[in-house]
1. Check region A:323-333 and report whether any residue there is part of a helix (DSSP H, G or I), of a type in the set (A, V, I, L, M) and surrounded by 15 or more Cβ atoms within 10 Å (Cβ to Cβ).
2. With (1) over 17 Å from A:Leu58 (Cα atoms); (2) crowded, with 24+ Cβ neighbours inside 10 Å; (3) β-branched (Val, Ile, Thr); (4) away from chain B (no Cβ under 14 Å) as the list, and A:Val196 as the residue in question, which single condition is left unmet?
3. Of the residues A:Ile275, A:Ile267, which is at the interface with another protein chain (Cβ under 9 Å from one of its Cβ atoms), under 20 Å from A:Glu143 (Cβ atoms) and in contact (Cβ under 8 Å) with a residue 24 or more places away in the chain?
4. Output the residue which, of all residues in region B:172-196 that are in a helix (DSSP H, G or I) and of a type in the set (S, T, N, Q), is farthest from B:Glu218 (Cα to Cα).
5. So B:Ala487 clears everything in (1) touching a Lys or Arg at 6+ places or on another chain (Cβ under 7 Å); (2) within 13 Å of chain A (Cβ to nearest Cβ); (3) in contact (Cβ under 8 Å) with a residue 60 or more places away in the chain except one condition, right? Which one?
6. Got at least one residue in region A:196-207 being more than 12 Å from A:Tyr55 (Cα to Cα), in contact with a His (Cβ under 9 Å, 6 or more places away or on another chain) and of a type outside the set (Phe, Trp, Tyr)?
7. Confirm whether A:Asn268 is within 15 Å of A:Leu14 (Cβ to Cβ) and surrounded by fewer than 17 Cβ atoms within 10 Å (Cβ to Cβ).
8. Yes or no: B:Thr178 over 27 Å from B:Thr256 (Cβ atoms) and under 19 Å from the mean Cα position of the chain (by Cα)?
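The values are calculated or read from the model by the stated rules, or taken from the named source; none is laboratory data. Everything numeric in this text was worked out from a predicted model, so none of it was measured. Cβ sites come from the backbone with ideal geometry, for glycine too, and all protein chains shown count toward neighbours.
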Amino acid sequence: MMEKTQISWIQLFLLLSGFHIGSTVLLSPSAGAGRDAWLAMILGGAGGTLLMWSYAVLSMLNPSKTLVEILRDRLGKIAGTILSFLYVWYFIHLASLVFRDFGEFLCTTTYLETPMVVVIGLFAVVLLYTVNSGIEVLGRLSELLVPVIPVAISIISFSLFTINDFTAVLPILENGLMPVLKGAFGAITFPYGETVAFLMLFPHLNRKDKLKKTVVISAVLSTLLGLLVFFRDLFVIGGDLIGRSTFIPHLTSLLIPEFNVEPLLDINLLIGGGIKISVCVYAAAKALCQITGVQDYRGFTRAVLTFAVVLAIWAYDSVLELFAWTQKVYGFYVIPFQVLIPLLLLLLSLIRKGKPQGEVPDKEGNNNAEAVNA
Amino acid sequence: MFGRIRNKSKSGRNNSEEIVQTGSYGPIPPSADAVKASLNEIFSNCCDFILREIACGKNGAIRILVAYIDGFVSKNELNQDVVRPILDFLANEESPGGSSIYNRLTDCIVVNNDIHEAADMHQAVDGIISGEAVLFIDGETRALVVGVKAPQGRQVQEPDTETSIRGAREGFVENLLTNTALIRKRIKNPNLKLEMMHLGDRTKTNVCICYIKGLANEAIVREVRERLKKIKTDAVLDSGIIEQYISDNRLSLFPTVGSSEKCDKLAGKLLEGRVAIFCDGSPHVLTVPYLFVESIQATDDYFDHAFFATFMRLLRVIALTTSTLLPAMYVALVVYHHTVIPFKLLLTLAASQQGIPFSPFVEAMLMIVAFELLREAGVRMPKPIGQALSIVGAIVLGEASVAAGIASNLMVIVVAITAVCSFIVPPLLRASMLLRFMFLIAANFLGILGIAFVAVAVFVHLCKMRSFGVPYMAPFAPLTVNDLKDAFIVVPIWAMITRPKILRQQENVRGAKGSQRQEVNIQQ
């Protein structure tokens, strides 16, 4: 049925954390709230943790089933397959967004004369090798690379220790509660809700009892790290610039006296973004493989990656369009994928669990047979 | 693609099978003259083959043939322990028939302890060519093989390739039995098992699997046995050949089979639950499974204070990273990331670059290739010349290339540091040499990002690898917290209570916890 490869809870924890930090090292999700973004981040963190916890519960209720299998189980074959295809699209789109962020950042800061397609394309080649090596290798890789991120972040933070202005946090709630709530909503959808891709990975965990704990700890720690980075940025560049600049951590790091740590940021981005794209691509390829009933997901990774690269370049004309789209549309575009469908599935799973087991075995049996075919 | 190459190399050796099995020479003829004739035919044109006929007993009725290879057996021993007793005891006997003479020889005449029977001509010839004396008795279809092998090869001495400050000076030699004895000397335990087998259809090299029963994982021992049996080749001249056959990733740059010349190191590995493979004729003994972390371990670490050992480990990690990455980092910084370099250094850098006609990449390539040439020349040259040449060559080349404006000062420093660092982690010397070029090329194309891309690919490759079923990057990935005590940080030996867990030994605990504290107050 499933691939036999398994990952340990610590690997899953690091993958989740890397996935989280992947984009937040570059963009502050709730920066729209200006100097009050930390409030938004706390609120969003709480909501996001809850959301991720519900994904974990969903996976626990359907043990050793991936998202595609759960969808087909609960919603029937036709509806399940259609929704699965939509999820494949979403995962690819997510990967392409990370690709684009990555490319935009590098091409506006360091590689001014390099075409973006070169940077993204070469990155995709490396990731192709990574994803095709399997989920086990991805887990091990996260053990080697993710710990680099906090180290790099603390190097930058400590270098900036002398130029902090702790009063930058005041005044609190200058513009009322609305921007904060908006920011919190953005935070829930931007890093937390995207972990819906992990529903394709959870079945690989070798100890199911640790799933909820792992997910919650990872969400909380990532939130704390995000807060730390935000406060650092706020104290260094002030509330005004926070609301207006694009790559906030990059801007902050440029202020380190007599030293330039740009490459550290690049490497953070490479690790976090790499994990994020790898997980998305793996999820998409795995979903396609289960929909079509092919044995090995590796046949799809090349196609998925190519599509993601092309999408990353063609979908948005400029970085401004990208950001406008992410701020205005993205939040609503992802609600069905991140909230509605998973919660619906959770509800259905809970109902089935409450029911007596009478009619279930038959259905189960059918689905098992299907899964074997897949 | 690689799979195809691998399959080819597997099937390529099949036709050697026929040549090999021509060695069946049939049974031993009862008549001494027939034996003589057939031996002379088998060993025709072998000037070192000696066949002596003893005729003793009344009227020379008892005829015994002694066959051996000159220079291979200890003649003294042969004369004292075999020939003289025969002449003494059988001088005046009537001939009672071949079979009874054979029994008397084995029971009460031959002094030597190491005797066994050869049932046919093939076994007898095997005995002769492996350095034993073989006795053929007229009227008997069995031959008696007497082990009187003379000690061959050089004395046990300190290995040149692996030197250490603390620890034993004894290194392995070419003779297999000497090597196994050296290990037995250190591990006095009947559970130290030595399984002998013969590899190479023509060379018939003795190969020995060594492990401690009850410690080593049975599955790994079984796997080693099976992989060795699968080797189909006609010549095994060195353990390096075995290494290439049994490696997990045959095309990987990184070693998945360890080799050592040091007895104490090998004893340590065996006691961790690893399996060793001795090969006759090679002083390098292989150990499996071999993990990445072992390349930064040295025997001194365990004999020294844990703090120094930890410091040395960290130094080795730094050296490994430096020797692989430094030239690439330099090129990346100079070509792409000037802003990262502190301003004053940038000025010096610009000054030293002035008048150099090449790009930093070409410059780095030239210097590194020049260094590699010198290194290789130093290895190949006769020892006394080699060292002088490489030192003089390095100074002259370094000084002169700067003076002539071919390379900048800083580049010479970079390459020199790289070169020094590359010798600190010997097992990865070759891997880091090739990776250095890869990183250099990547750095020239994409700067730090290129280096990071290649680094990720290398990490993926490392995480993918296994050595005899054990993940290569353990204990880092997968994380085995218990084994981190002997990775970057070395805990004192009395606190190293368990063996590396990742090898899944049968018995994991080394010693009792109580042994770490024994304070005795003499004054009371």
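1. Keep residues of region A:323-333 that are part of a helix (DSSP H, G or I), which gives A:323-333.
Cutting the leftovers down to of a type in the set (A, V, I, L, M) gives us A:324, A:329.
Going one step further and asking which of them are surrounded by 15 or more Cβ atoms within 10 Å (Cβ to Cβ), we end up with none.
Within region A:323-333 (the criterion being part of a helix (DSSP H, G or I), of a type in the set (A, V, I, L, M) and surrounded by 15 or more Cβ atoms within 10 Å (Cβ to Cβ)), the answer is no, since none of the residues qualifies.
2. Of everything listed in (1) over 17 Å from A:Leu58 (Cα atoms); (2) crowded, with 24+ Cβ neighbours inside 10 Å; (3) β-branched (Val, Ile, Thr); (4) away from chain B (no Cβ under 14 Å), A:Val196 misses just condition (1).
3. Unique residue meeting the criteria: A:Ile267.
4. B:Thr178
5. Failing condition for B:Ala487: (1).
6. No - not one qualifying residue is present in region A:196-207.
7. On the way: within 15 Å of A:Leu14 (Cβ to Cβ): yes; surrounded by fewer than 17 Cβ atoms within 10 Å (Cβ to Cβ): no.
Against the criterion (within 15 Å of A:Leu14 (Cβ to Cβ) and surrounded by fewer than 17 Cβ atoms within 10 Å (Cβ to Cβ)), A:Asn268 does not qualify.
8. yes
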